[in-house]
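Report on the following structure.
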């Protein structure tokens, strides 16, 4: 299973990179600076194309689109006009905020329809503990590596900032909830309910004070 995970991730990254580089090459080859609308359209279309291509080939669409975005930000972004850059940034921010708002609304309304039959308290507790513990490693390990690579020099990141980064990453459960809706396993209802409860706890319980 571990080998399949890394294989899937590598293939998805390669897929996104290929689409991103293709978009960058086309924008560089065909100068469309006179038409910012077309440039912006091509950027958005290729980003979505990487997602569709990965999903159709049984890969991870999100990883592919993330990889595509990285390559497009590094290469394609600088091959378009300034107006297209501003337009693309505005369009992406608007679309992401709208989708995120719909997801939060849907998740909030669905809280009233949680079926107690699929609630497993032990699984919810174990999942929450795993989330908090894994978050320590996902934040602490990179900071430790930066500290070691810098020759053990004092870091500019203070403890209160580190704590804010730690808790700030715990309120992104809406994405996990959205992905759980695509599960088709035998125990998908239990997994969906557990994800939903954990997301609500972290978002409402931690996000509200922040």
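The values are calculated or read from the model by the stated rules, or taken from the named source; none is laboratory data. This is a predicted model, so every value here is computed, not measured. A quick note on method: Cβ atoms are made from the backbone with ideal geometry, for glycine too, and the neighbour counts reach across all protein chains shown.
Couple of notes before you dig in:
- Yes/no for residue 72 being surrounded by 22 or more Cβ atoms within 10 Å (Cβ to Cβ), outside the structural domain of residue 182 (by TED's automatic domain parsing) and either out of contact with any helix residue (DSSP H, G or I) (no Cβ under 7 Å at 6 or more places or on another chain) or closer than 22 Å to residue 95 by Cα (or both): yes
- Of all residues in the stretch 53-64, one or more are assigned to a loop (DSSP other than H, G, I, E, B), without any contact (Cβ under 8 Å) to a residue 40 or more places away in the chain and over 17 Å from the mean Cα position of the chain (by Cα).
- Residues (free of Cβ contacts under 8 Å to residues at least 12 places away in the same chain and not in a loop (DSSP other than H, G, I, E, B)) located in the stretch 18-52: 18, 25, 29, 38, 41, 45, 52
- Condition check for residue 178: farther than 24 Å from residue 100 by Cβ and surrounded by 12 or more Cβ atoms within 10 Å (Cβ to Cβ): no
- Condition check for residue 131: surrounded by 11 or more Cβ atoms within 10 Å (Cβ to Cβ) and at pLDDT 90 or above: no
- Residues of the stretch 90-122 satisfying the condition of being modelled with pLDDT of 85 or more, closer than 18 Å to residue 205 by Cβ and surrounded by 14 or more Cβ atoms within 10 Å (Cβ to Cβ): 119
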